[in-house]
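The values are calculated or read from the model by the stated rules, or taken from the named source; none is laboratory data. All values derive from a computational prediction rather than experimental measurement. Positions of Cβ are backbone-derived with ideal geometry, glycine not excepted, and every protein chain shown enters the neighbour counts. The protein model used for the area step is the full one, side chains on, heavy atoms only, and it has no ligands, DNA or RNA in it. Shrake-Rupley method; radii C 1.70, N 1.55, O 1.52, S 1.80 Å.
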There are 2 protein chains.
Amino acid sequence: MKIRYYNAKIMTMADEACSISEGELHTENDRIVYVGEAVEGGTFDKEINVNGNLLMPGFKNAHTHTAMTFLRSYADDLPLQEWLYNRVFPMEAKLTPERVYWLSKLGIMEYLTSGITANFDMYMKTDAIAEASIDCGFRTVLCDSINNFGGTVEQMEKDYDKFSSINSLISYHLGFHAEYTTSMEIMKELSELANRRKLPVFVHNSETKSEVEGCKERYGMTPTELLDSIGMYNYGGGGYHCVHMSEKDFEIFKNRGLYAVTNPASNLKLASGIAPVCTYLEKGIPVAIGTDGPASNNCLDMFREMFLVTGLQKVSREDAAACDALEVLRMATVNGARSMCLYDCDTLEVGKKADFIEIDLNQPNMQPMNNIAKNIVYAGSKQNVKRTVVDGKILYDSGNFYIGDSPETIYKKANEIISEMK
Amino acid sequence: MKIRYYNAKIMTMADEACSISEGELHTENDRIVYVGEAVEGGTFDKEINVNGNLLMPGFKNAHTHTAMTFLRSYADDLPLQEWLYNRVFPMEAKLTPERVYWLSKLGIMEYLTSGITANFDMYMKTDAIAEASIDCGFRTVLCDSINNFGGTVEQMEKDYDKFSSINSLISYHLGFHAEYTTSMEIMKELSELANRRKLPVFVHNSETKSEVEGCKERYGMTPTELLDSIGMYNYGGGGYHCVHMSEKDFEIFKNRGLYAVTNPASNLKLASGIAPVCTYLEKGIPVAIGTDGPASNNCLDMFREMFLVTGLQKVSREDAAACDALEVLRMATVNGARSMCLYDCDTLEVGKKADFIEIDLNQPNMQPMNNIAKNIVYAGSKQNVKRTVVDGKILYDSGNFYIGDSPETIYKKANEIISEMK
């Protein structure tokens, strides 16, 4: 299947300046086979006039719990502990693989409306998650979430091998929920696995002040120091949230090449704090962006996250020049892809995966066209996502979904599930 | 012209709980003539099946500079002073009434996509702004912006009388730019006018720390104290931004019945600070929400503002329960309308103006339907605005605009204007 997207503006994200040129992009099956100036001739199965809109790499949601769609706006405006222990955990206990399958599909629909072409999904019932993604044609990087309440390192290794070869849309990373929910015994066993297989590890890290304080009380070290001290980060990986960090933590992130995945909407809504994104940039630590799960956000919208990343740095640093929008655009695309080890989904270049989006510039919030790249960060919204392409397939186009099931079926299932569970 | 909107969920915003019922809404010309349960019979010029979507009052953008669309993403990531003095002011000097007309229309288009049915517009060339709104069928409350560089109080009084009777879509309030740009002579003259005509006054107030410090140096008082001391607030009004406020300022706002209009996205982007919204609520000071102008935001999106209002309170108070979403929904609708003295545009009740929106619930970010009202604040986006009705007329429906000119014409004009001015 060879498709030509012509009459386009193209931001490949292959250069630091996020430059934009006019031309066209061709895909063959799952890959990009041409990006450049307009060309004459050639045979295509389909030719799509992009009408001067922008093609750019899809956003990468570098930390989420997709199937938590069922708890969206189920319990808001509550203190964190009450929300988590009285509302979230009892409901999660009722999840089944079938429920996770449908709830994941609902989340994937929302990703597509927000121009997200891959998610880094840390949640339970991984078989069901993978099945949902494969059935939709969506790209998912699974992350294990073992903790004291479920999972074994032995099973994680099996899952790693299984999901690494199950389908080209699926990959898998070692991970665990968090230091405060996981025993030293499990963490050491996981570190041994990471070192034996030379693999990166991902984990919730320093999301809240109390998490860091608790870890210091338990071990006399911050979570980052503790994990590094047991060799967990010898082959890289990263932390989700990374809000409350010490100087030594920054050093470890820098030296180990770890990714800090920031989740600003969730950090606001759960009152966790503002991540030191500018400090990461100054120290050369790569930052990616995640939405976190829809129970704590409550939506899956990379545009909102991007504005927050820069806006919160500007206000907390009292500097309107802090955290340039182009840096943020790279976090949401290139860095996100690399944090998830999706090295062939980061830019629009020949040979890369055809994971890209069409941004509708013919909307009032994109006019006049003073600076398209910055405008995406400062003024963009889901309304500007005209088309979302994953692995060469158009999954979302002008408000319509091409993911197998109809939206009505998925909404009906989601509402049935939540009413059964309440 | 009598229109029936049936098969609807309706949130009238007439009750504190933001309750939602099923039924229908009828309009006759510019007014709501029925809201309630489904009814049989009746003759209508048009019957619209809302398909179970939500009807609610339109959002009110209680502070903006609409025509600044031309500077959207023109100069970002710069220190505030450089941005304002080297980039904004020189460009504004080139504005003409015709340019303001087209640039206002572009802003109105964006309002419609965000479910905003009225704006409180402080900008120059007010005749052109009013003309643009009338031609589009949009509701605009003009606010004077006199300062040392332009305008006279004498002209303001004439404008007040003119725009108060020019068209039912247009109204006018006394106002001035800010204490730091306006001489005591002008402020006293304006206060005299406000007292003589018994009118409220609106002004940028305590947006930045340096503004407050400067005022204290000049007069030994905060801006709020100063204005109150010369009787400016004797007949009410309000302040835009209101970020850096003293205990005494709060007292004055409370005693004078002033509105605090918060502009969170602009306050982040320009690094001005986080407004003490919870304190306003605790003290019983009414809060409304504005986008500020598109040069400092850079978009006109009430959904982003609503999330920021609550999210920034939660994080700055370190309390996930702070600033309940339903409070925010009232700020964006009922309070906004009342701050602009649009007392018949605040709720969906018989006799009120037909200024309302249809929120598309059949989108993934609105599913499952655990709590529709809270979900609008936490997960809503422009993508959910299906239909925007102002003064009984459908101005925006399913991505199409019904405002006279085509989007292409308006975009072309806006791009021509900025290229002529650069």
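Worth pointing out:
- Antiparallel %, DSSP beta bridges [both residues in the protein assembly as shown], to 5: 45 percent
- For segment B:59-339, the share of DSSP beta bridges that are antiparallel, to the nearest 5, is 5%.
- Inter-copy separations for A:Gly150, label at 7 Å along Cα-Cβ, nm, ascending: 6.2
- Rolling a 1.4 Å probe over the heavy atoms of the protein chains gives the protein assembly as shown an accessible area of 33 Å² per residue.
- Helix B:97-113 axis versus longest C-alpha principal axis of chain B: approximately 50°, rounded to the nearest ten.
- For segment A:59-339, the Cβ-based charge dipole about the Cα centre amounts to some 440 debye (Lys, Arg positive; Asp, Glu negative; other atoms uncharged).
- Share antiparallel - DSSP beta bridges, segment B:1-160, percent rounded to 5: 50 percent
- Cross-link reach is defined here as a Cα-Cα straight distance under 17 Å, omitting same-chain residues fewer than 8 places apart; for A:Lys198 the aspartates and glutamates meeting it are A:Asp144, A:Glu154, A:Glu157, A:Asp159, A:Asp161, A:Glu189, A:Asp228.
- Dipole in debye (nearest 20) - the protein assembly as shown, about Cα centre, beta carbon charges: Lys, Arg +1; Asp, Glu -1: 180 debye
- Positive-pole candidate from B:Gly214, B:Asn234, B:Leu268, dipole of segment B:176-273, charges at beta carbon: B:Asn234
- The longest part of chain A holding none of the exposed loop GluC sites (Glu not before Pro), meaning those outside H, G, I, E and B in DSSP with at most 13 other Cβ atoms within 10 Å, is A:41-317.
- Residue among B:Val315, B:Val203, B:Val277 with the largest mean-square fluctuation in a Gaussian network model of chain B, springs linking Cα atoms under 10 Å: B:Val315
- Between copies, the label points of A:Arg196, set 7 Å from Cα on the Cα→Cβ line, lie 8.9 nm apart, reported in increasing order to one decimal in nanometres.
- Out-of-range pairs (alpha-carbon distance over 32 Å; input A:Lys125/A:Lys393; A:Lys9/B:Lys386; A:Lys162/A:Lys314; A:Lys105/B:Lys393; A:Lys125/A:Lys353; B:Lys314/B:Lys386): A:Lys162/A:Lys314; A:Lys105/B:Lys393
- Overall form of segment B:77-116 per C-alpha gyration tensor (a/c, 1.5; a/b vs b/c): oblate
- Positive dipole terminus of segment B:59-339, leading residue within B:Leu329, B:His244, B:Ala67 (C-beta point charges): B:Leu329
- The angle separating the long axis of helix A:153-163 from the principal Cα axis of greatest extent in chain A is about 10 degrees.
- Of the accessible area of the protein assembly as shown, computed with a 1.4 Å probe over protein heavy atoms only, carbon and sulfur atoms account for 47 percent.
- Estimated dipole of segment B:139-228 in Debye, rounded to 20 [Cβ of Lys and Arg +1, of Asp and Glu -1, Cα centre]: 320 debye
- Distances in nm from B:Asn7 to the matching label points in the other copies, shortest first (labels 7 Å along Cα to Cβ): 3.5
- Using a 1.4 angstrom probe on protein heavy atoms only, the contact between B and A buries about 5000 square angstrom of accessible area, both sides summed.
- Take each residue of peptide A:73-86, count the partner chain Cβ atoms within 10 Å of its Cβ, and average: the result is 5.
- Accessible surface of A:Asp135 - all protein chains present, 1.4 Å probe, nearest 10 Å²: 70 Å²
- Based on the Kirkwood approach, the hydrodynamic radius assigned to chain A is 21.7 Å, with every pair of different Cα atoms included.
- Spatial separation of Cα centroids for segment A:225-298 and segment B:46-106, in angstrom: 35 Å
- The aspartates and glutamates within cross-link reach of B:Lys283, meaning a Cα-to-Cα straight distance under 12 Å and a gap of 8 or more places when in the same chain, are B:Glu247, B:Asp249, B:Glu251.
- Report summary: the helix-based calculation at 222 nm, which adds -39500 (n - 2.57) for every DSSP H run with n ≥ 4 and divides by the residues of the protein assembly as shown, gives -10000 deg cm²/dmol.
- Sequence of A:Ile3, B:Ile134 when ordered by accessible area, the most exposed leading, probe 1.4 angstrom: B:Ile134, A:Ile3
- Longest exposed-site-free window of chain A, the sites being chymotrypsin sites (Phe, Trp or Tyr not before Pro) in a DSSP loop that have at most 15 other C-beta atoms within 10 Å: A:150-342
- Acute angle (nearest 10 degrees) that the helix B:302-317 long axis makes with the longest principal axis of chain B, alpha-carbon atoms: 60 degrees
- Choice from B:Thr66, B:Thr96, B:Thr262 with maximal GNM fluctuation in chain B (Cα, 10 Å cutoff): B:Thr96
- The GNM of chain A, with springs linking C-alpha atoms under 10 angstrom apart, assigns the highest mean-square fluctuation among A:Gly380, A:Gly175, A:Gly52 to A:Gly52.
- Centre separation in Å (Cα based) which lies between segment B:307-325 and segment B:118-148: 32 Å
- Calculated diffusion of the protein assembly as shown, Stokes-Einstein form, Kirkwood radius summed over Cα pairs, 4 °C and 1.567 mPa s, µm²/s: 47 µm²/s
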